[in-house]
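Have a look at the structure below, then the notes.
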Amino acid sequence: KCGAVENAVKMFEKMGERDSVTWNSMISGYCQSGDYTDSFKIFRMMIKDYGLYLNRVACLSAVSACSSVYWLTHGREIHAFVLKRGWDAGEFFSALIDLYMKCGDLRNSNNVFRSILDCESVRGNPVIWNVMILGYVSNGCLTLALELFIEMLGLGIKPDSLTMVDVLVLCYELSDLEVGKQIHGFILIFGLENDVRVCTALMEMYFKCGDPESGFNIFKRSQNRNLVTWGAVLSNSAQNGYPIKALELFYDFMSEHGGFPDSFLLVSVLRACSSLTSKPKCEEIHGSAVKMSFDSRVNYIKTPEFYLLDMYGKGRDMESAQKVFSGLLSRDLVSWNALISGYSQNECADEALNSFREMQSEQIRPNTVTASCILSVCAHLSVFSVCKEVHCYLLQQGFLPNILVSNSLVVAYAKCGDMNSSWTIFEQMPERNEVSNSIIFGLGMHGCNDKIIVLFGKMKEAGMKPNHATFTALLSACSHAGRVDMGWQFFRSMSEDYKLEPQLEHYTCMVDLLGQAGHLNQAYDLIMAMPLVPDAGIWGSLIGSCRSHSNEKLAELIANHIFELDPTNIGYRVLLANMYEDFGKSNEVARIRGAIKDMGLKKQTGCSWIEINNNVSIFVASDCSHLKTNEIYAAINVLTMEMKRAG
């Protein structure tokens with residue numbers, strides 16, 4: 001019980017005489033220390049080597065060991081022995097149900113449970129019902145778990161706090177807010193609202209069922225808050241799009257407790273900082289972590305180090321991310337993945353590939369997350385040969401047909417211009433999820449608009465629910481094809497049929513679609529009416545359409561919006577100058593170019609590359625803002641002829 005297992009074994013081996021109590025102590029002791037394999041070895045040694053007869057305590061511990069390591073066959077043997085001996089099975093019910101549930105044998109688990117109904121002394125024990133409900137939830141049988149809870153209430157058995165926690169878990173697994181509210185009512189009826197475990201689970205249910213306001217209210221009213229409660233509200237705030245609220249709660253906790261005592265709270269607030277992409281906040285929390293000695297000490301599944309790297313990566317501060325990584329005492333797969341992911345997100349392709357090679361040189365085998373990050377780098381580079389090399393490597397390492405890797409490959413090949421390979425991989429996928437709509441994105445990028453509509457229909461027939469990314473791909477395809485009516489249909493379907501609120505990228509697609517079709521005023525009205533704050537990108541999409549359709553007045557109005565949002569944006573100023581040049585307004589052209597010069601703005605040098613016969617040729621563009629449009633076209637023609645002459 002003090003955790004000194006080796007000392008216990010030495011004492012056991014020195015004992016000249018051992019009785020059943022001694023053996024029971026060893027069997028249960030190993031179980032308590034988490035060494036279930038040795039627990040069962042002692043159990044078998046007790047029978048085979050010493051000929052001692054089994055007793056109830058030894059059998060109970062052995063069943064517990066079997067359930068923990070999923071030894072169904074040995075567990076059934078002990079169950080048969082208990083029945084053969086004619087022992088009162090009441091004390092074994094809970095352990096046997098747990099065994100069968102953990103091993104996925106629902107039929108035998110249900111048989112044991114149903115035999116309880118004939119046993120008056122055990123039937124009213126909520127512990128048995130709790131094990132059964134939790135077992136159904138763990139095996140994904142959520143409806144059966146709910147039906148069992150209703151049956152429990154029908155028999156007049158009062159649930160305890162653990163029952164309510166289990167049922168609340170199944171509510172958010174079902175994403176059924178209405179049932180969750182009814183369970184909340186039962187919690188109040190049975191007077192369990194002040195139980196800290198129930199309160200935490202209730203709060204989690206509201207957050208995960210899409211009602212964060214009720215989740216926050218539960219937290220405010222809770223009288224007993226422990227670290228788990230604080231961790232849950234911080235984590236859910238960050239995950240549900242309330243990073244500022246998460247930081248406020250974190251500071252509340254700091255003022256109440258004078259520091260954070262565990263890494264779970266730190267992980268939650270780091271996640272909030274990464275959502276905000278706020279470098280000052282990142283550095284502030286990082287500094288606190290160092291003070292509290294969390295920087296390179298804690299080893300959890302999701303470590304603070306991972307979230308520090310993730311936070312700096314999302315905050316576009318890869319220099320700080322590299323410093324954190326270099327300071328780690330040990331670099332595991334999780335930390336390498338975080339670094340490579342950060343490089344990938346910030347389009348640092350060379351650094352990501354170099355880190356991938358360095359990771360392998362340290363004998364750390366990549367996983368599917370690593371593969372997905374490297375494939376996103378291939379997609380960014382659009383270099384077909386590199387994509388094929390990574391594909392071959394993934395086949396050799398046995399990463400295919402993993403669904404995450406397959407989805408990433410679909411996108412990578414599409415962005416490298418090989419839609420045939422992209423489609424082949426999609427067709428070969430044994431299973432698909434919502435992320436598999438990346439094929440729709442690829443088809444849209446290559447102008448296969450009719451194929452997209454057919455594929456979307458098949459997706460709905462398969463019962464797969466579209467997400468925001470699906471509709472981004474669909475609206476983008478409509479924009480490429482100029483299908484205004486169909487675009488409106490998809491846009492309205494998001495909120496009406498699928499309860500998805502359109503995001504900024506969906507409005508941008510619609511504005512682009514309407515602008516290209518010449519519906520400029522309708523596009524402008526859509527921007528002004530949308531519930532989101534427009535960025536320079538959505539205004540820029542419309543100003544490009546104004547140039548195409550010669551609407552000077554609206555272009556000037558839009559330009560004012562853009563320059564308010566981003567005064568130093570040179571790209572849209574050059575676009576506006578070119579538009580004035582098309583209209584023959586040389587004075588306006590001179591005014592805008594003079595303003596660019598006075599502000600000291602310089603257009604970022606463009607870079608393009610093309611792959612021919614596995615050789616990549618890079619083209620760096622010089623500043624052509626001083627040239628007229630016809631001069632640029634003439635230069636392009638000369639360059640084209642020279643390239644043809646050179647083969």
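Structure values in brief
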| read-out | value |
| --- | --- |
| Number of positions in the range 360-397 that are of a type in the set (Lys, Arg) and in a helix (DSSP H, G or I) | 1 |
| Helices (runs of 4 or more DSSP H) wholly inside the range 426-481 containing at least 2 residues that are without any contact (Cβ under 8 Å) to a residue 24 or more places away in the chain and loosely packed, with under 15 Cβ neighbours inside 10 Å | 449-461 |
| Members of the range 521-545 found to be under 17 Å from residue 492 (Cβ atoms) and among the charged types (D, E, K, R), listed by number | 525 |
| Residues being buried (at least 19 other Cβ atoms within 10 Å of the Cβ) and among the polar types (S, T, N, Q) - total across the range 29-53 | 1 |
| Answer from 381, 353, 375, 394 - the residue that is farther than 23 Å from residue 314 by Cβ and buried (at least 16 other Cβ atoms within 10 Å of the Cβ) | 394 |
| Helices (runs of 4 or more DSSP H) lying entirely in the range 166-284 (those with 2 or more residues that are more than 25 Å from the chain's Cα centre (by Cα), within 26 Å of residue 135 (Cβ to Cβ) and in contact (Cβ under 8 Å) with a residue 12 or more places away in the chain) | 177-189, 196-208 |
| Scan of the range 482-499 for residues that are part of a loop (DSSP other than H, G, I, E, B) and either more than 25 Å from residue 415 (Cβ to Cβ) or touching an Asp or Glu at 6+ places or on another chain (Cβ under 9 Å) (or both), ordered by number | 499 |
| Residues of the range 313-333 classified as assigned to a helix (DSSP H, G or I), open to solvent by 50 Å² or more (accessible area, probe 1.4 Å) and not polar (S, T, N, Q), total | 3 |
| Residues located in the range 408-425, provided they are touching a Ser or Thr at 6+ places or on another chain (Cβ under 8 Å) and either in a helix (DSSP H, G or I) or surrounded by 21 or more Cβ atoms within 10 Å (Cβ to Cβ) (or both) | 408, 409, 410, 411, 412, 413, 414, 415, 416, 425 |
| Helices (runs of 4 or more DSSP H) contained entirely in the range 1-110, each with at least 2 residues that are farther than 23 Å from residue 133 by Cβ and without any contact (Cβ under 8 Å) to a residue 24 or more places away in the chain | 5-14, 20-32, 36-48, 72-85 |
| Cβ pairs under 8 Å, 6+ apart, first in the range 310-325 and under 15 Å from residue 373 (Cβ atoms), second open to solvent by 20 Å² or more (accessible area, probe 1.4 Å) and of a type in the set (Val, Ile, Thr) | 314/277 |
| Output for the range 485-505, where each listed residue is under 16 Å from residue 529 (Cα atoms) and of a type in the set (A, V, I, L, M) | 504 |
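Let's see how each residue does on (1) modelled with pLDDT of 85 or more; (2) open to solvent by less than 30 Å² (accessible area, probe 1.4 Å); (3) on the phi > 0 side of the Ramachandran plot; (4) not hydroxyl-bearing (Ser, Thr, Tyr):
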| residue | (1), (2), (3), (4) |
| --- | --- |
| 73 | yes, no, no, no |
| 78 | yes, yes, no, yes |
| 86 | no, no, yes, yes |
| 99 | yes, yes, no, yes |
| 103 | yes, no, no, yes |
| 108 | yes, yes, no, yes |
| 117 | no, no, no, yes |
| 121 | no, no, no, no |
| 129 | yes, yes, no, yes |
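The values are calculated or read from the model by the stated rules, or taken from the named source; none is laboratory data. These numbers come from a predicted model, not from an experiment. All Cβ positions, even for glycine, are placed from backbone atoms using ideal geometry, and neighbour counts span all protein chains on display. Heavy atoms of the whole protein, side chains included, go into the accessibility calculation; ligands, DNA and RNA do not. Shrake-Rupley method; radii C 1.70, N 1.55, O 1.52, S 1.80 Å.
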